[in-house]
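Q: Submitted below is the structure of interest, expressed as structure tokens.
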Amino acid sequence: MSQAEFRVGLGHDRHRLVAGRPLVLGGVTIEFEMGLDGHSDADVLLHAITDAILGAAGLGDIGDWFPNTDPQWAGADSTVFLRAAVNGVAERGWHVVNVDCTIHAERPKLARFKRTIADRIAKLLGISEECVNVKAKTGERVGPIGRQEAMDADAVVLLGRSATN
Ligand code: MG
């Protein structure tokens, strides 16, 4: 008899917004006068999703897997981290059922990029586009988000596997 198992995972990340860096969100490069600072490409959204995937499977966090002190990850494309997490959980029988996430950014207006970002994430995860939802919020002009000092991202991921018993 086969019985499905599910696990939920939560991810959160923040990166500082600075001049002279590209803005990469969910694997999509967005034209903007500032970008996110970090050791890798600083894709705040893919980091949150990667953490949610690892968390759901009880596999720690992105810092355990890809230490930001390791020169091999300098300037890294964060899709590498996401794929490694997907492969890591797949080795334990898990697949991603769905992803819901929120980007917190005062500017640029992300409404017109949400579908493009969601489609890119779906492709990276190898799941249907209807299983990825991307939301965007401003910081209401207060706090580090509202003052355009940083961007945050939150993600929840559901993992599933069929257990035979
Ligand atoms: Mg990060």
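Q: What pairs can you find where one residue is in the range 5-26 and more than 16 Å from A155 (Cβ to Cβ) and buried (at least 17 other Cβ atoms within 10 Å of the Cβ), the other is of a type in the set (S, T, Y) and at pLDDT 95 or above, and their Cβ atoms are less than 9 Å apart, with a gap of 6+ or different chains?
A: Qualifying pairs under 9 Å: L23/T29.
Q: Restricting attention to the range 86-97, does a residue exist that is in a strand (DSSP E or B), in contact with a strand residue (DSSP E or B) (Cβ under 9 Å, 6 or more places away or on another chain) and under 18 Å from R16 (Cβ atoms)? Lay out the reasoning, then the answer.
A: First, the residues of the range 86-97 that are in a strand (DSSP E or B): 95-97.
Filter once more, keeping what is in contact with a strand residue (DSSP E or B) (Cβ under 9 Å, 6 or more places away or on another chain): 95-97.
Add one more test, that the residue is under 18 Å from R16 (Cβ atoms), and what stays is none.
No: zero hits.
Q: Can you give me the number of residues within the range 139-157 that are surrounded by 14 or more Cβ atoms within 10 Å (Cβ to Cβ) and touching a helix residue (DSSP H, G or I) at 6+ places or on another chain (Cβ under 7 Å)?
A: 9
Q: Quick test of your reading of the structure: F66 fulfils all but one of (1) more than 13 Å from the chain's Cα centre (by Cα); (2) more than 11 Å from the ligand (Cβ to nearest atom). Name the failing condition by number.
A: Going through the list (1) more than 13 Å from the chain's Cα centre (by Cα); (2) more than 11 Å from the ligand (Cβ to nearest atom), F66 breaks only (2).
Q: Which numbered condition trips up L59, out of (1) farther than 12 Å from L159 by Cα; (2) under 13 Å from the mean Cα position of the chain (by Cα); (3) of a type outside the set (D, E)?
A: (2)
Q: Regarding G26, is this residue farther than 17 Å from N87 by Cβ, within 16 Å of the chain's Cα centre (by Cα) and not polar (S, T, N, Q)?
A: Values: farther than 17 Å from N87 by Cβ: yes; within 16 Å of the chain's Cα centre (by Cα): yes; not polar (S, T, N, Q): yes.
In short, yes.
Q: So which of I127, I103 is assigned to a loop (DSSP other than H, G, I, E, B) and among the hydrophobic types (A, V, I, L, M, F, W, C)? Before the answer, list the steps.
A: Working: I103 fails: assigned to a loop (DSSP other than H, G, I, E, B).
Just a single option satisfies the conditions, and that option is I127.
Q: Please work out which residue is surrounded by the most Cβ atoms within 10 Å (Cβ to Cβ), limiting yourself to the range 114-127 and to residues that are under 26 Å from G146 (Cβ atoms) and touching a strand residue (DSSP E or B) at 6+ places or on another chain (Cβ under 6 Å).
A: I121
Q: Then there's this: What number of residues within the range 130-165 satisfy the criterion of being out of contact with any Gly (no Cβ under 6 Å at 6 or more places or on another chain), modelled with pLDDT of 95 or more and in a strand (DSSP E or B)? Walk me through it before giving the result.
A: Here is the first cut: in the range 130-165, the residues out of contact with any Gly (no Cβ under 6 Å at 6 or more places or on another chain) are 130-138, 141-144, 147-154, 156, 158-160, 162-165.
With the extra rule that they be modelled with pLDDT of 95 or more, the set shrinks to 130-138, 141-144, 147-154, 156, 158-160.
In the following step, the residues that additionally are in a strand (DSSP E or B) were identified as 132-137, 150-154, 156, 158-160.
Residues meeting the conditions: 15.
Rundown of residues vs (1) surrounded by fewer than 16 Cβ atoms within 10 Å (Cβ to Cβ); (2) aliphatic (A, V, I, L, M); (3) touching a Ser or Thr at 6+ places or on another chain (Cβ under 9 Å), yes/no style:
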{"position": "T69", "(1), (2), (3)": "yes, no, no"}
{"position": "Q72", "(1), (2), (3)": "yes, no, no"}
{"position": "A85", "(1), (2), (3)": "no, yes, yes"}
{"position": "G88", "(1), (2), (3)": "no, no, no"}
{"position": "V97", "(1), (2), (3)": "no, yes, no"}
{"position": "H104", "(1), (2), (3)": "no, no, yes"}
{"position": "K109", "(1), (2), (3)": "yes, no, yes"}
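Q: For the range 72-100, enumerate the residues that are closer than 20 Å to V8 by Cβ, within 16 Å of the ligand (Cβ to nearest atom) and either in contact (Cβ under 8 Å) with a residue 60 or more places away in the chain or charged (D, E, K, R) (or both).
A: Correct list: empty.
Q: Pick from the range 28-52 the residues that are more than 14 Å from the ligand (Cβ to nearest atom) and outside any strand (DSSP E or B): which of them is surrounded by the fewest Cβ atoms within 10 Å (Cβ to Cβ)?
A: Step one: filter the range 28-52 for residues more than 14 Å from the ligand (Cβ to nearest atom), giving 28-34.
From what's left, outside any strand (DSSP E or B): 31-33.
Working: E31: 8, F32: 15, E33: 10.
Residue satisfying both the conditions and the ranking: E31.
The values are calculated or read from the model by the stated rules, or taken from the named source; none is laboratory data. Computed from a prediction, not measured in an experiment: that's the story for all the values here. Cβ atoms come from the backbone with ideal geometry, glycine included; neighbour counts cover every protein chain shown.
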